[in-house]
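Every number here is computed from the coordinates shown, using simple stated rules; none is lab data. These numbers were taken from a predicted model, which means no experiment stands behind them. Every residue, glycine as well, gets a Cβ built from its backbone with ideal geometry; the counts of neighbours run over all protein chains shown.
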Amino acid sequence: MMDAKQKRRQLFATLAAFIGNGIFGFSFMFSRIALQVASPFVMLMYRFCGAFLLLNLVAVWARRTGRQDWLRFDIPWKSAGTLILLGLVQPVLYFLCESYGISMTNATVSGVIIALIPIVALGAGVLFVGERPSWQQVLFSLLSIAGVVVMTLQQSAGGEIRPLGVVLLVGAVACGAAFNIMSRKLSARFSALERTYVMMLVAALVFTALALVETRGDGALLLAPARNGGFLLAMVYLSLFSSILAFMCLNYAATMLPVSKTTAFCNVTTILSVYAGVVFLGESITWVSLLAAGVIIVGVFGVQRN
């Protein structure tokens with residue numbers, strides 16, 4: 001039996017997982033705004049460089065105050081290789097696979113494949129962490145995925161579906177599942193802040209290099225988006241909330257909760273991205289999509305209860 005303190009920690013971790021995935025739900029809208037001004041690699045350079053610079057302020061404060069909890073910051077850089085690998089998996093490889101995979105398929109295929117992250121993570125949790133979900137958790141996870149599939153089909157789109165795009169989306173699913181497993185295992189050695197810090201550092205370096213290659217080092221092209229107010233507003237959300245806060249929440253949740261419960265909230269992102277499109281971008285929604293959203297919520301709640 002868990003005592004009151006353990007129950008409180010699990011509640012905070014559950015809220016953190018929900019908040020992290022909820023933030024991601026609105027990031028698609030802000031990414032679309034930013035991509036009207038900048039190319040994908042330039043946008044990602046601004047996003048993760050901004051996040052890394054802001055996170056340094058948190059790291060300095062945590063170091064000076066001597067925090068020893070999830071905000072501890074005292075990275076042993078000589079043994080930080082696993083943290084660098086974590087950063088390469090998420091966000092670098094995940095973003096590359098997802099972005100190019102979406103561009104080579106359509107909304108239906110990409111939405112359905114990405115929705116598989118929770119169930120793939122469940123299987124990976126059994127293989128690599130020794131966590132065995134109950135049959136009820138597996139059932140409710142599948143129910144949540146079914147809701148995402150129905151909601152995605154309601155937004156079905158035509159367009160060419162290239163095999164390479166499907167392969168890349170499967171790679172994104174593997175990266176998403178691997179991130180949850182790796183963060184869970186590394187939580188015994190590194191705090192949530194330390195994991196997030198190295199993730200942002202790796203992403204900032206990689207996407208800056210890719211942006212420089214893409215623009216051939218043209219400073220005018222790199223600096224042009226910074227003159228656009230809408231782009232800067234989008235970067236505030238994507239850097240501060242969708243990179244720092246969201247990944248801090250997910251890394252904290254991975255410290256306290258089994259993989260089955262942290263990944264169950266992944267499909268909440270789909271609900272909120274549709275909601276953002278309807279409310280802020282004037283997109284339409286059907287009753288079937290609303291029913292599918294209810295199914296997703298029931299599935300997520302069922303995983304948490306069992």
Report the local net charge at Ser183: Lys and Arg +1, Asp and Glu -1, summed over other residues whose C-beta lies under 13 Å from its C-beta. +3
Using helices alone, what [θ] at 222 nm do you get for the chain, with -39,500 (n - 2.57) per DSSP H run of 4 or more residues, divided over all residues and rounded to the nearest 500? -23500 deg cm²/dmol
I'd like the trypsin sites (Lys or Arg not before Pro) in segment 163-193 restricted to DSSP loop residues with at most 14 other Cβ atoms within 10 Å, sorted by number. Arg189
Among Ile19, Trp77, Val112, pick out the residue whose Cα is farthest towards the positive end of the charge dipole of segment 10-305, where Lys and Arg carry +1 and Asp and Glu carry -1 on C-beta, about the Cα centre. Trp77
Once phi is turned into ³J(HN,Hα) by the Karplus curve 6.51 cos²θ - 1.76 cosθ + 1.60 with θ = phi - 60°, what whole-Hz value does each residue of segment 187-198 show in order, with x for glycine and proline? 5, 6, 10, 10, 6, 4, 5, 5, 5, 5, 4, 5
Relative contact order (%) - criterion: Cα under 8 Å, at least six apart; region: the chain: 40 percent
